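Student: A single structure is presented below for examination.
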Amino acid sequence: MKQVVHAACPHDCPDACGVLITVDNGRAVKIQGDPAHPVTRGFLCAKVTKYLDRVYSPDRVLYPMRRVAAKGIAPQSADKNVRATRSEFERITWDEALDEITARLKNIAAEFGSEAILPFSYGGTLGKLGYASMDRRFFHRLGASQLDRNICSEAGSAGVKSVYGANIGTEPEQFRQSKYIIAWAANIHGNNVHLWPFIEEARRDGAKLIVIDPYRTRTAACADWHLPVNPGTDVALALGMMHVIIKENLHDADYVSRHALGFDDLRAKVKEYPPEKVARWTGLSTADIQKLAREYATVRPAVIRMNYGVQRSENGGMASRAISMLPIVTGSWKEVGGGFQLSTSGAFKMNDVALERPDLMQKALGRPARMLNMVELGKQLNETNDPPVKALFVYNSNPAAICPNHNDVVRGLLRPDLFTVVHEQFFTDTTDYADIVLPATTFFEHKELQTAYGHYYLQISDQALEPLGECRSNVDLFRELAERMGFEDNCFRDSVDDMIDQALNSANPWLKGMSRERLEKKGHIRLNFEGNGTPSSKPFLPYAEGNFRTASGKAELYNERLKAEGLDPVAAFVPPTESRHDASAKAFPLELLARKADNFLNSTFSNLPSLQPMEDTGLLEMSRKDAKARGIRDGDTVRVFNGRGEIQLKARVDGRVSSGVVAAKLNWAKLTPGNLNINVLTSEKLSDMGNSATFYSVLVEVELFRGSPDARSQAATSVGVRR
Ligand SMILES: Nc1nc2c(c(=O)[nH]1)N[C@H]1C(S)=C(S)[C@@H](COP(=O)(O)OP(=O)(O)OC[C@H]3O[C@@H](n4cnc5c(=O)[nH]c(N)nc54)[C@H](O)[C@@H]3O)O[C@H]1N2
Ligand SMILES: Nc1nc2c(c(=O)[nH]1)N[C@H]1C(S)=C(S)[C@@H](COP(=O)(O)OP(=O)(O)OC[C@H]3O[C@@H](n4cnc5c(=O)[nH]c(N)nc54)[C@H](O)[C@@H]3O)O[C@H]1N2
Ligand code: SF4
Ligand SMILES: [Mo]
């Protein structure tokens, strides 16, 4: 009775792997990469290779649960037993859970207005339906506040779109034809591992790999050249490179004159960024900046893989804008193996209006509901008024781990008058504050339509298993809730297949010929860039002939709209206020990179015993110089602090960061010493463009921890009660 089911990994990762699941008598017995997928080519990352451990983990939420104890992290048993938190809950039936939720939401809406309800979701699944479909319909019809989902990528998107008009880029397959590959704030080994084999092929053919990253990642360690740029100074670096390129006449005058607007403004602007000056900001040498610029402009084809690390900075929008100008100036978009990639997501435009039905807000409120930015959850829970947030409905997210300014978030989540529902697969940091926990399916247990942000293949992910326990998918949960609320609109009765069909019924020419039936048969299909119904595998060169998606149709090196936002219409380097360039750096002189872990996915997977040994967590990585100046040795317990909070970590003096920079990794708070995670130090400050998060613009100070270890300094394995 063995059967192999085609699925697609829905985790928040550019690769969106093709997956094969072997099912034997209703039980998954094997997971492997689909060898037929042209980009992900039959292998999976370490995290998803171990996915059976996740699906069948004894720690999964399998039934609806109601809180029976005070909110907050329960005193835990001494064996790092996350399940211990279950004693905080009693099992209830789905009927009881849904009755209680609908009654509470109705009461809150009646007393405070429906905008007192805030949905909170992000990247648990990037499945088209699980990410945004029935849930949006439900909250729109309810008249709930809208969530500005800006925690990850909006600064970069805004920066790139301000030049190109769309967020699309070079396809990964073309990297094998490149001769000069720049990984700019892109941790390819950790976060985008399926690009790596293409880079290796190119290198076997003589290509050079350059990594621009303040942290010596595994990718940087494998590179031909690592440039450890100071955090938040990439705008200056890109402008400095263009200074050299234009001054030395290495630019593509023909491409620029035909396809760009504002080259003369750019030429004038970059005069302000000679390499000598840029060297002081970036910490790189003048000679290296010149060499990088000359090589990038002359070794062809050259491609830039920029990732979102660069835009988690106060000036992240401008950095993305400036970097995305480079392939315009050199005309690199003309060449197979040239160009630039931040994301490919802009190519998958579907019928989101049909899926999400924003018109339903009109019915509920007579207007669009207010928008609250997820980056500022702490502020939303503690300060927002008219109306205050009285109900928080969390799914696809773990805000008590991943939001900046963790202490404020937790203060808000602890409010006794806040009604919190969490739809989850595990008892996460956030379920520690939930009134009701609902069990969610994994991608093995529901059907999905899967896009990607690192390649151009659309996939169907088939259901391999019946839901475990009483788990429900996001779609099924919100369909059921809508019925309980008495929402009669027909869209609340749509099936998964109905919604896949609606999504594909789009004006996007690249979806022409794409149907559910074809996807079901083939598993994955490349977007139809010829727009003629017969897909070909010709290289996709989106901007070889211009065709920018801006209003002018040109690449906008000068952008009038930026002026209105108080920004330079070309580009300008404004140092982050939380950086060594600011006076505030006197009190907290070190720049913290509050990073992701290579073997977790944001906070997901960090509770999985089979993956935990692969990551050394609870560390503060620092340079020899900064450690020595503070009398700190490798292995010492250190206090890391700033005006927002403090955390005790173990010093690791390992040469991964340069002087002035320290780094630590994201993890579940309750698995981190003292039940706090690195986000106690990060800021809610928003980026220059896109109102995005600034996880990598954070100043801290570090000192040797001197007192006797209190509850907060003990290892994750010991008893720790918050505050
Ligand atoms: N294994 C794994 N894979 C993941 C994730 C994960 O957590 N783990 N997360 C997923 C998600 S949500 C996303 S958005 C993508 C993100 O993928 P990436 O954008 O690659 O993610 P980051 O790790 O945030 O940043 C990349 C690199 O930027 C560097 N960096 C930080 N500040 C600066 C700077 O000012 N300038 C420069 N030049 N570099 C800087 C960091 O040190 C880091 O090595 O990855 C996805 N894939
Ligand atoms: N310090 C620091 N903080 C960061 C970052 C960083 O680099 N450093 N990165 C930021 C970035 S780029 C991002 S994208 C955010 C990510 O923030 P989140 O999207 O909240 O990321 P995760 O921690 O992966 O949490 C996702 C949760 O969704 C659950 N889930 C998975 N599938 C489903 C499903 O089908 N249904 C439901 N209901 N739940 C599901 C998972 O079990 C998991 O607990 O974090 C941000 N926070
Ligand atoms: S997390 Fe990324 S690399 Fe790993 S299986 Fe999923 S899509 Fe592939
Ligand atoms: Mo992200």
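The values are calculated or read from the model by the stated rules, or taken from the named source; none is laboratory data. None of these values were measured; they are calculated from a predicted model. Cβ placement follows ideal geometry from the backbone for every residue including glycine, while neighbour counts extend to all protein chains displayed. Ligands, DNA and RNA are excluded from the accessible area calculation, which covers all protein heavy atoms including side chains. Shrake-Rupley method; radii C 1.70, N 1.55, O 1.52, S 1.80 Å.
Student: Quick one: how many Å² of Leu413 are accessible to a 1.4 Å probe, rounded to 10?
Tutor: For Leu413, the solvent-accessible surface is approximately 0 Å².
Student: Estimate the FRET efficiency between Glu560 and Lys271 by the formula 1/(1 + (r/R0)^6), using the beta-carbon distance for r and 30 Å for R0, to the nearest 0.05.
Tutor: Values: r = 21 Å, r/R0 = 0.71.
Efficiency at R0 = 30 Å is approximately 0.90.
Student: Something else now. Can you pull out the cysteines in the chain that have no other Cys Cβ under 4.7 Å?
Tutor: Cys13, Cys45, Cys152, Cys222, Cys403, Cys471, Cys491
Student: Which whole number of Å³ per residue matches the convex hull of the alpha-carbon atoms in the stretch 138-246?
Tutor: Details: hull volume 18.0 nm³, N = 109.
Looking at the stretch 138-246, the number lands at 165 Å³ per residue.
Student: If DNA, RNA and ligands are ignored and the probe is 1.4 Å, what is the ranking of Glu488, Glu376 by accessible area, most exposed first? All intermediate terms of the calculation are to be shown ahead of the outcome.
Tutor: On the way: Glu488 145, Glu376 30 Å².
Greatest to least solvent exposure: Glu488, Glu376.
Student: Let me have the 222 nm mean residue ellipticity of the chain computed from DSSP H runs of 4+ only, each contributing -39500 (n - 2.57), with the sum over all residues rounded to the nearest 500. Don't skip to the answer; put the middle values down first.
Tutor: Details: 25 runs with 202 residues, N = 723.
That calculation yields -7500 deg cm²/dmol at 222 nm.
Student: Counting every Cα pair in the stretch 146-206, what percent are over 14 Å apart?
Tutor: Working: 1236 of 1830 pairs.
In whole percent, the long-distance tail amounts to 68.
Student: Using a 1.4 Å probe, how large is the accessible area of Arg258, given in Å² and rounded to the nearest 10?
Tutor: Probe radius 1.4 Å; accessible area of Arg258 about 110 Å².
Student: Which number do you get for Rg(Cα) / (2.2 N^0.38 Å) in the stretch 510-614? Walk me through the intermediate numbers first.
Tutor: Working: Rg = 23.5 Å, N = 105, 2.2 N^0.38 = 12.9 Å.
For the stretch 510-614, the normalised Cα radius of gyration comes out at 1.82.
Student: Further question: With all protein chains present and a 1.4 Å probe, how do Leu468, Leu557 order by accessible area, largest first? Write down the numbers at each step before the final one.
Tutor: Values: Leu468 35, Leu557 0 Å².
So the residues, ranked largest to smallest area, are Leu468, Leu557.
Student: Given Thr430, Asn385, Asn474, which one lies farthest toward the positive end of the charge dipole of the stretch 373-527, if we put +1 on the Cβ of every Lys and Arg and -1 on the Cβ of every Asp and Glu?
Tutor: Asn474
Student: What is the stretch 155-342's relative contact order, in percent, from Cα pairs under 8 angstrom and six or more apart in sequence? Don't skip to the answer; put the middle values down first.
Tutor: Details: 357 pairs, mean separation 67.1, N = 188.
With pairs under 8 Å counted, the relative contact order is 36 percent.
Student: For the stretch 1-59, rounded, prolate or oblate, judged on the Cα gyration tensor with a ≥ b ≥ c (square roots of eigenvalues), a/c < 1.5 rounded, else prolate if a/b > b/c? Write down the numbers at each step before the final one.
Tutor: Working: a/c = 2.42, a/b = 1.27, b/c = 1.90.
The shape class here is oblate.
Student: Considering only DSSP beta bridges with both partners in the stretch 155-342, what is the antiparallel share in %, to the nearest 5? Before the final figure, lay out each step's value.
Tutor: Numbers: 0 of 16 bridges.
DSSP beta bridges in the stretch 155-342 are roughly 0 percent antiparallel.
Student: I've got another one for you. Probe 1.4 Å, all protein chains in place: accessible area of Glu201 in Å², nearest 10?
Tutor: Glu201 exposes around 60 Å² with every protein chain in place.
Student: Related question: I'd like to compare 330-337, 678-685, 103-110: which one has the highest average count of other Cβ atoms within 10 Å, and what's the full order after that?
Tutor: Ranked from most to least packed, the peptides come out as 678-685, 330-337, 103-110.
Student: Moving on to the next point. What value in Å³ per residue do you get for the convex hull of the alpha-carbon atoms in the stretch 583-718? Display every interim value, and only then the final one.
Tutor: Details: hull volume 16.1 nm³, N = 136.
Per-residue hull volume (Cα only) is 118 Å³.
Student: Shifting gears a bit: In whole Å, what three semi-axes, largest first, describe the equivalent ellipsoid of the chain built from its Cα gyration tensor (square root of 5 times each eigenvalue)? Present the calculation step by step, with values, prior to reporting the outcome.
Tutor: Details: eigenvalues 294, 207, 124 Å².
After scaling each eigenvalue by five and taking roots: 38, 32, 25 Å.
Student: Next question. List, in order, the whole-Hz ³J(HN,Hα) value for each residue of the stretch 207-222 obtained from phi through the Karplus relation with A = 6.51, B = -1.76, C = 1.60 and θ = phi - 60°; use x for Gly and Pro.
Tutor: 6, 10, 10, 10, 10, 10, 6, x, 10, 7, 6, 4, 5, 5, 5, 8
Student: Among all helices in the chain defined by DSSP H, which have a length of 24 Å or more along the axis from Cα atoms plus a Kyte-Doolittle mean of at least -0.5? Don't skip to the answer; put the middle values down first.
Tutor: Working: long enough: 94-112 (26 Å, -0.23).
For the chain, where a helix must reach 24 Å along its axis and average at least -0.5, the hits are 94-112.
Student: Quick one: what Rg and Dmax do you get for the stretch 96-200 from the alpha carbons, in Å?
Tutor: 20.7, 63
Student: If you don't mind, another one. Using the crude model of +1 on Lys and Arg Cβ and -1 on Asp and Glu Cβ, and no other charge, please compute the dipole size for the stretch 155-342 relative to its Cα centre, in debye to 20.
Tutor: With Lys and Arg at +1 and Asp and Glu at -1, about 140 debye.
Student: In what sequence, highest mean first, do 688-700, 311-323 appear when ranked by Cβ atoms within 10 angstrom?
Tutor: By packing density, highest mean first, the sequence is 311-323, 688-700.
Student: Can you give me the long-range amide H partners of Ile92? Hydrogens built in the peptide plane at 1.01 Å from N, cutoff under 5 Å, separation of 5 or more residues or another chain.
Tutor: Here the answer is Met65, Arg66, since their amide H atoms fall under 5 Å of that of Ile92.
Student: In bins 5 Å wide, starting from 0, what share of all Cα pairs of the stretch 410-479 does each bin hold, as a percent?
Tutor: Pair shares across the bins are 4, 15, 18, 17, 15, 14, 9, 6, 2, 0.
Student: With an 8 Å cut-off on Cα pairs and a minimum separation of 6 or more residues, tell me the relative contact order of the stretch 583-718 in percent. The partial results should precede the final answer.
Tutor: Numbers: 276 pairs, mean separation 45.3, N = 136.
After rounding, I find 33 percent.
Student: Step through the table entries Lys208/Lys291; Lys269/Lys554; Lys179/Lys334; Lys349/Lys554; Lys269/Lys596; Lys161/Lys349, compare each Cα-Cα distance with 23 Å, and write down the pairs that go over it. Don't jump to the answer; show the numbers that get you there.
Tutor: Working: Lys208/Lys291 13 Å; Lys269/Lys554 19 Å; Lys179/Lys334 14 Å; Lys349/Lys554 21 Å; Lys269/Lys596 35 Å; Lys161/Lys349 15 Å.
Distance filter (> 23 Å) returns Lys269/Lys596.
Student: Enter the accessible area per residue of the chain (Å², integer; probe 1.4 Å; all protein chains in place). Mind showing how you got there, number by number?
Tutor: Values: 25160 Å² over 723 residues.
Spelled out: the 1.4 Å probe surface of the chain, per residue, equals 35 Å².
Student: Okay, moving on. Viscosity 0.890 mPa s, temperature 25 °C: Stokes-Einstein D of the stretch 155-342 from its Kirkwood Cα radius, in µm² per second?
Tutor: Values: Rh = 16.1 Å.
Once the numbers are plugged in, D ends up at 152 µm²/s.
Student: Got a sec? Charge dipole of the chain, +1 on Cβ for Lys and Arg, -1 for Asp and Glu; which of His524, Thr330, Thr170 is way out at the positive end?
Tutor: Sorting the options by dipole projection puts first Thr330.
Student: Shifting gears a bit: Report the one residue of Val661, Ile678, Pro589 whose Cα lies farthest in the direction of the positive end of the charge dipole of the stretch 583-718 (charges on C-beta: Lys and Arg +1, Asp and Glu -1; origin at the Cα centre).
Tutor: Pro589
Student: Related question: Could you order Tyr558, Tyr395 by accessible surface area, starting with the largest, using a probe radius of 1.4 Å? Walk me through the numbers on the way to the answer.
Tutor: Values: Tyr558 60, Tyr395 0 Å².
Per-residue accessible area, sorted high to low, gives Tyr558, Tyr395.
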